[in-house]
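Undergrad: Right, I'll just put the structure down here and ask away after.
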Amino acid sequence: MTPADVRSTPQRRAVLEVIERATDHPTAAEVIARVNDLLPGVGAATVYRTLGWLVSTGQVAELRLGGTATRYDRNIDHHEHLVCDRCGGVEDVVLGLDPPQFLASLPTRGDFTVTGYDLRVHGVCHRCDVPGPTTDFDPKEHR
């Protein structure tokens, strides 16, 4: 099914508009809230179905970053992500890796076929890296 095969509804357009405008990588809950700011009354099920359709048709990337909610990215070109271990925030970063060259440099195993890769760099974002009282936060527990 291609985007042209599916009827464009105001709800679908609102979901896509929210993703296109996003400067972050919103979770489904954030998309739902933003869609309802644009078009009040859109149900969560409609947003989830639309997100699934957008991902399945290649219009939006789904980011499963482990330990955090699934996030959505309009940038479907290959790129890497910076992930904050404290707040879960995600930012795009281009590290200049050449995917074919990078994949070719991996050690090969006869029982494993590489189909792609997803590189995440973990750390603490500028919003979370502020001086303050120390906590018992262990970033390893949040991956």
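Undergrad: Could you list, in sequence order, the residues of segment 86-122 that are on the phi > 0 side of the Ramachandran plot and surrounded by fewer than 14 Cβ atoms within 10 Å (Cβ to Cβ)? Break it down into steps so the answer makes sense when it comes.
TA: We begin by selecting, within segment 86-122, every residue on the phi > 0 side of the Ramachandran plot; these are 88, 96, 116.
The answer is GLY96, GLY116.
Undergrad: Another question about this same structure. So, of the residues in segment 42-71 that are touching a strand residue (DSSP E or B) at 6+ places or on another chain (Cβ under 9 Å) and open to solvent by less than 20 Å² (accessible area, probe 1.4 Å), which turns out to be farthest from PHE102 (Cα to Cα)? Don't jump to the end; show me each part of the working.
TA: Taking segment 42-71 first, the residues touching a strand residue (DSSP E or B) at 6+ places or on another chain (Cβ under 9 Å) are 51-52, 54-55, 60-66, 68-71.
Right, trim to open to solvent by less than 20 Å² (accessible area, probe 1.4 Å) and you get 51, 54, 60, 63, 65.
On the way: LEU51: 30, LEU54: 28, VAL60: 24, LEU63: 21, LEU65: 21 Å.
Among residues in segment 42-71 that are touching a strand residue (DSSP E or B) at 6+ places or on another chain (Cβ under 9 Å) and open to solvent by less than 20 Å² (accessible area, probe 1.4 Å), the one farthest from PHE102 (Cα to Cα) is LEU51.
Undergrad: Return the pairs, sorted by first residue and then second, in which the second residue is of a type in the set (Lys, Arg), the first residue lies in segment 51-62 and is touching a residue at least 40 places away in the same chain (Cβ under 8 Å), the beta carbons are less than 7 Å apart, and the residues are 6+ apart or on different chains.
TA: VAL60/ARG74
Undergrad: Pairs only if they're at least six apart or on different chains, beta carbon under 9 angstrom, first in segment 28-48 and touching a residue at least 24 places away in the same chain (Cβ under 8 Å), second open to solvent by less than 60 Å² (accessible area, probe 1.4 Å) and among the basic types (Lys, Arg); list them, first residue then second.
TA: Short answer, once both residue conditions are applied: ALA28/ARG71.
Undergrad: In addition: Quick one: would you say LEU39 is aliphatic (A, V, I, L, M) and open to solvent by less than 40 Å² (accessible area, probe 1.4 Å)? Don't jump to the end; show me each part of the working.
TA: Numbers: aliphatic (A, V, I, L, M): yes; open to solvent by less than 40 Å² (accessible area, probe 1.4 Å): no.
Against the criterion (aliphatic (A, V, I, L, M) and open to solvent by less than 40 Å² (accessible area, probe 1.4 Å)), LEU39 does not qualify.
Undergrad: Quick one: count up the residues across segment 10-23 that are of a type outside the set (A, V, I, L, M) and surrounded by 13 or more Cβ atoms within 10 Å (Cβ to Cβ).
TA: In the first step, residues of segment 10-23 are kept if they are of a type outside the set (A, V, I, L, M); the result is 10-13, 17, 20-21, 23.
The next check asks that each one be surrounded by 13 or more Cβ atoms within 10 Å (Cβ to Cβ); those that pass are 11-13, 17.
Total meeting the criteria: 4.
Undergrad: A further question follows. Kindly indicate whether VAL31 is open to solvent by less than 40 Å² (accessible area, probe 1.4 Å) and over 14 Å from the mean Cα position of the chain (by Cα). Show your work before the answer.
TA: Numbers: open to solvent by less than 40 Å² (accessible area, probe 1.4 Å): yes; over 14 Å from the mean Cα position of the chain (by Cα): no.
Judged against the criteria, VAL31 is not a match.
Undergrad: Are any residues in segment 73-85 within 23 Å of ILE32 (Cα to Cα) and either open to solvent by 20 Å² or more (accessible area, probe 1.4 Å) or touching a residue at least 60 places away in the same chain (Cβ under 8 Å) (or both), and if so, which ones?
TA: ARG74, ASN75, ILE76
The values are calculated or read from the model by the stated rules, or taken from the named source; none is laboratory data. Keep in mind the model is a prediction, meaning the values are calculated, not measured. Quick reminder, even Gly has a Cβ in these numbers, built from the backbone with ideal geometry, and neighbours come from all protein chains shown. The protein model used for the area step is the full one, side chains on, heavy atoms only, and it has no ligands, DNA or RNA in it. Shrake-Rupley method; radii C 1.70, N 1.55, O 1.52, S 1.80 Å.
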